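Heads up, the thing below is written out as structure tokens.
The values are calculated or read from the model by the stated rules, or taken from the named source; none is laboratory data. This is a predicted model, so every value here is computed, not measured. Ideal geometry is used to build each Cβ from the backbone, glycine not excepted, and the neighbour counts take in all protein chains shown. To get the accessible areas, we keep the full protein, side chains included, count just its heavy atoms, and leave off ligands, DNA and RNA. Shrake-Rupley method; radii C 1.70, N 1.55, O 1.52, S 1.80 Å.
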Amino acid sequence: MGNWLASHWLSVLFLVSWLGLNMFLFVYAFLNYEQSDKYYYTRQILGTALAFARASAFCLNFNSMMILIPVCRNLLSFLRGTCSFCNRSLRKPLDHNLLFHKLVAYMICIFTAIHVIAHLFNFERYSRSQQAMDGSLAFVLSNLSRHEKEKDSWLNPIHSPNTTVMHATFTSVAGLTGVIATTALVLMVTSAMEFIRRNYFELFWYTHHLFIVYIICLGIHGLGGIVRRQTEESMDESHPHNCSKSFLEWDKYEWSCRRPHFVGHPPESWKWILAPIAVYIFERTLRFYRSRQKVVITKAVMHPSKVLELQMCKRGFSMEVGQYIFVNCPSISFLEWHPFTLTSAPEEEFFSIHIRAAGDWTENLIRTFEQRPSPMPRIAVDGPFGTVSEDVFQYEVAVLIGAGIGVTPFASILKSIWYKFQRADHKLKTQKIYFYWICRETGAFAWFNNLLNSLEQEMEELGKMDFLNYRLFLTDWDSDIAGHAALNFDKATDVLTGLKQKTSFGRPMWDNEFSRIAAAHPKSVVGVFLCGPRTLAKSLRKCCQRYSSLDPRKVQFYFNKETF
């Protein structure tokens, strides 16, 4: 726990500050609308529901301001580059941008529910007070608009006892925009569930762009001025503490209190979201400009297990290890952009990605290149963008763990290491790398074998065989494969991969692996990098905490997971 806090203290501080601001805004707004004299008469109709509606609106504005910032990829990459020489704990919050985006979305959902329920009560009470006919203060306030000279000073937006709540909702700016914004929010949240996002990415992608509808509705939601307060002039003339009890005598005599005058609460949402929208528009403009730059596909290779490798060139393209790009193929879909980790090294003259068939878009792309069209289809590229893997060379010892196609960021890292050894780069801080690759089928190993074979030869020639320790694990195997491997176990190279390192069957015993690494590096800082599923991430995170020493001078494991 102590190691985790030392690594994530800034993230925890940021999260606590965000939650604290939400609590402060809610309580501040609630007390203001519950106690302020300006809203005394409004409370006579609506009661406490007024304070709940306005307090949740404040928090909605705040979180709607925050929701776009975590998905401004260029801004985050700029901040990551600016903090490249900072302590790793200062860069940690940038690695959790999507998690924070989801947390803000959940908070928006919570406050939307409170806001909608509170306003349902408000509209019902507006309707009841208009129909009361009992001469109560709420009834008198609801009928102020009937007085000719006070047509612009109404308090109840339902001006007739014959007007239904449904009619008032769908004929007012606040009601209609509220319904549309809530519908858009529900569609975005439900389509972003893990199952839909993984299996129907296109549905998630298109539906998530309803955020434009949500933002527009939020900006104009307050134009109707349904929530009203007593004007300052009216407060000076007829303060509610002095006049509320004599409401039956308002304007009746010269010495009587005057009827109160009201004004709509000015719209405020646009003030909250204006700056983030400006940042996001700049972000999208920059993305659009970069996506229009010409990309030349220099090589397309089909690997086993339906993995497509694309090698490309683009003027001014500069990358670091572990970064990713967004790819668009207009001939398949003009709007869809999909993220792919770069598998090339910064030292190479091209940049490359490996694409596995996983959904309609990737299957269509692979099918297009399998047909070997001439000319090749146009590809647009946006990026590169930074990830946690950029920090790999900041650690003395690095543990790289890839599951299936999740090996792609580590291909870039291992290639870069190969070039660094070729060029005798003495600035390399990393002294040892442990690499684990977990695959379901033997064919998935094929495209990566050449790189590992080259690294084996290079380490052997330089006398640094201990620098890279790698293990390949096959999880989907049968007795024929295992028997064939056992019969050929004495051969110099593995029968499945052709590498010197033998393939293991099953899954790694992580407790044994971490224990061995901790014993081999008792005073080192070990960076653990994963590109794989959540279940594996959960196990590795626990291992990092379990095998980190309480003494900061001894071995410390820092867990990092690829998220994009």
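In the context of the full set of protein chains, residues of the chain present 50 Å² of accessible surface per residue (probe radius 1.4 Å, heavy atoms only). Rounded to the nearest whole Hz, the Karplus-based 3J(HN,Hα) values (6.51 cos²θ - 1.76 cosθ + 1.60, θ = phi - 60°) of region 116-127 follow the sequence 5, 4, 4, 6, 5, 5, 4, 5, 5, 6, 4, 5, with x at glycine and proline. Shown for the chain: the carbon plus sulfur share of the solvent-accessible area, taken with all protein chains present and a 1.4 angstrom probe, equals 60%.
What is the packing order of peptides 279-285, 512-518, 248-254, taking the mean over residues of other C-beta atoms within 10 Å and listing the highest first?
Ranking, from highest mean packing down: 512-518, 279-285, 248-254.
Modelled spin labels at Val263 and Val12, positioned 7 Å past Cα toward Cβ, are 4.8 nm from each other. Amide H contacts under 5 Å for Tyr324: Leu342, Phe385, restricted to partners 5 or more places along the chain or on a different chain, H placed in the peptide plane at 1.01 Å from N. Distance between the 7 Å Cα→Cβ label points at Ser36 and Met166: 3.4 nm. Residues whose amide H comes within less than 5 Å of that of Tyr470, counting only those at least five positions distant or on another chain, are Phe435 (H built at 1.01 Å from N in the peptide plane). Close amide H contacts of Lys432 (hydrogens built in the peptide plane, cut-off under 5 Å, sequence separation of 5 or more or a different chain): Ala398.
Output the relative contact order of the chain, whole-number percent, from Cα pairs under 8 angstrom with separation of 6+ residues. Reported as a whole number, the value is 11 percent. Run through every distinct alpha carbon pair of region 290-369 and return the Kirkwood hydrodynamic radius in angstroms, one decimal place. Its Kirkwood hydrodynamic radius stands at 13.2 Å. Computed extension length for Arg197-Met509: 109.3 nm, one decimal, from 0.36 nm per residue of separation with the Cα-Cα distance subtracted. Put a plus charge on the Cβ of each Lys and Arg, a minus charge on the Cβ of each Asp and Glu, and nothing anywhere else: the dipole of the chain about its Cα centre is then about 580 debye. Take the Cβ-Cβ distance between Asp466 and Ala113 as r, set R0 to 56 Å, and report the resulting FRET efficiency rounded to the nearest 0.05. That gives a FRET efficiency of 0.45. Solvent-accessible surface of protein heavy atoms, probed at 1.4 angstrom with all chains present, puts Leu137, Leu335 in the order Leu335, Leu137, largest first. Computed over region 235-378, relative contact order equals 16 percent, with contacts defined as Cα pairs under 8 Å that lie 6+ residues apart. Could you give me the ³J(HN,Hα) list for region 532-544, computed from phi with Karplus coefficients 6.51, -1.76, 1.60 and θ = phi - 60°, whole Hz, x at Gly and Pro? Values per residue, Gly and Pro as x: x, x, 5, 4, 5, 4, 4, 5, 5, 4, 5, 5, 4 Hz. Listed cross-link partners Lys294/Lys420; Lys102/Lys538; Lys538/Lys561; Lys429/Lys554 are compared with a 21 Å cut-off, the Cα-Cα value being larger for Lys294/Lys420. Residue by residue, region 257-274 carries 3J(HN,Hα) couplings of 5, 7, 4, x, 10, 10, 9, x, 5, x, x, 10, 4, 4, 5, 6, 9, 4 Hz when phi is fed to the Karplus relation 6.51 cos²θ - 1.76 cosθ + 1.60 (θ = phi - 60°); x denotes Gly or Pro. Which one is right for this structure if semi-axes √(5λ) of the Cα gyration tensor in Å is calculated from it: (i) 56, 37, 20; (ii) 76, 28, 27; (iii) 62, 26, 20? After the calculation, the listed value that fits is (iii). About its Cα centre, region 212-271 has a charge dipole of approximately 260 debye under the convention of +1 per Lys or Arg Cβ and -1 per Asp or Glu Cβ, with nothing else charged. Note on Glu124 and Glu370: their simple-model spin labels are 5.8 nm apart, each label 7 Å out from Cα toward Cβ.
For the listed peptides 159-166, 49-56, a ranking on the average number of other beta carbons within 10 Å per residue, highest first, reads 49-56, 159-166. Taking a Cβ cut-off of under 14 Å around Asn512, the surrounding Lys, Arg, Asp and Glu residues balance to a net charge of +2, with basic ones at +1 and acidic ones at -1.
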